[in-house]
Amino acid sequence: MHIISFANQKGGVGKTTSAVNIASILGTLGKSVLLIDLDPQGSATSGVGIQKKAIKYSSYDVIVGKCNIKEAIIQTTFKNLSVLPATMSLAGAELEIAFQDKRESYLRDILNELRYEFIYDYVIIDCPPSLGMITINALVASSGLVIPIQCEYFALEGLTQLMMTIKAIKARYNPNLIITGILVTMFNARQRLSSQVLSELEKYYSTLVFDQKISRAVALGEAPSFGEPIFYYSKYSKGSLEYQSVAKEIILRTEGIL
Ligand SMILES: Nc1ncnc2c1ncn2[C@@H]1O[C@H](COP(=O)(O)OP(=O)(O)OP(=O)(O)O)[C@@H](O)[C@H]1O
Ligand SMILES: [Mg+2]
């Protein structure tokens, strides 16, 4: 079971779009996937077509021990894709667990219960835009990390801070955590700034950057309002094809084979 977090403390960089689309594409490639929504905004949840009224238990209930993870998981209508949904209640979890013992490893312990049942090949975690306890729980539980980056001013500054957090988490809690890759999102090669930031990024983090970049594409912004991942909303659109090739890079980097 490969657990991959999509994290970047910067808001609006494409974490949810990437997590939802890659999770669903992994499903179409025959992998059994659990998407975990750890953002109180619940965009990943609605992005895979789950409505609020269909949610009995959420990732919040699971983390604070109100229910078993299996009671909270919902099967989506998309191939091989289930979701652990999030609701606004998750916003309170940050404080509730802040002073508890082992506060950073709740999610790891919960996912360990699933590990030996061999139900899921991949667990994809959509993190909130902060480096608080929820994101730390995700990183402590993960084997891999995908960092979505928008090539604009200050993108690299935020990345340095994130890298320091990752280093600290590796040293203290999770030596197995690796960076699966840095994913360039909403890219526009014709913008000089984008290209400049990309070449900086490749200079410092060379092989970490996925070969496939994600372009800015209208369909990627539209699909969530229909509750559909891009593969189902517009299978042959540019955004869909680009995310398909990123998903394959992720399989290759994670499993060593395609
Ligand atoms: N490649 C793209 N082309 C066009 N629009 C995009 C693309 N990627 C993301 N978007 C849009 O940009 C906005 C931010 O994307 P998204 O919600 O995925 O970012 P996020 O990092 O999860 O944000 P937050 O930090 O708030 O959770 C959304 O409205 C999304 O639909
Ligand atoms: Mg998001």
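Figures for the structure shown
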read-out: Close pairs from the range 49-71: first under 19 Å from Glu94 (Cα atoms), partner open to solvent by 100 Å² or more (accessible area, probe 1.4 Å) and among the acidic types (Asp, Glu), Cβ under 6 Å, at least 6 apart; value: Tyr57/Glu71
read-out: Residue selected from the range 117-139 under the condition farther than 11 Å from Ile4 by Cβ and aromatic (Phe, Trp, Tyr), by the criterion most open to solvent (accessible area, probe 1.4 Å); value: Phe118
read-out: Single residue of Ser215, Ser142, Ser194 found to be of a type in the set (Ser, Thr, Tyr), open to solvent by less than 50 Å² (accessible area, probe 1.4 Å), at pLDDT 95 or above and over 27 Å from Ala93 (Cβ atoms); value: Ser215
read-out: Elements of type helices (runs of 4 or more DSSP H) in the range 158-258, at least 1 residues being within 12 Å of ligand 1 (Cβ to nearest atom), small (Gly, Ala, Ser) and closer than 29 Å to Met1 by Cβ; value: 238-255
read-out: Tally of residues being assigned to a loop (DSSP other than H, G, I, E, B), within 16 Å of ligand 2 (Cβ to nearest atom) and farther than 19 Å from Ile166 by Cβ across the range 84-143; value: 3
read-out: Filter result for Leu114 (open to solvent by less than 50 Å² (accessible area, probe 1.4 Å) and under 17 Å from the mean Cα position of the chain (by Cα)); value: no
read-out: Ser46 within 12 Å of ligand 2 (Cβ to nearest atom) and either over 18 Å from the mean Cα position of the chain (by Cα) or hydroxyl-bearing (Ser, Thr, Tyr) (or both); value: yes
read-out: Which listed residue is out of contact with any Pro (no Cβ under 8 Å at 6 or more places or on another chain) and farther than 20 Å from Val20 by Cα, from Ser195, Ser225; value: Ser195
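The values are calculated or read from the model by the stated rules, or taken from the named source; none is laboratory data. Computed from a prediction, not measured in an experiment: that's the story for all the values here. Please note: Cβ atoms are built from the backbone with ideal geometry, for glycine as well, and neighbour counts cover all protein chains shown. Remember, those area values only see protein heavy atoms, side chains included, never the ligands or the DNA or RNA. Shrake-Rupley method; radii C 1.70, N 1.55, O 1.52, S 1.80 Å.
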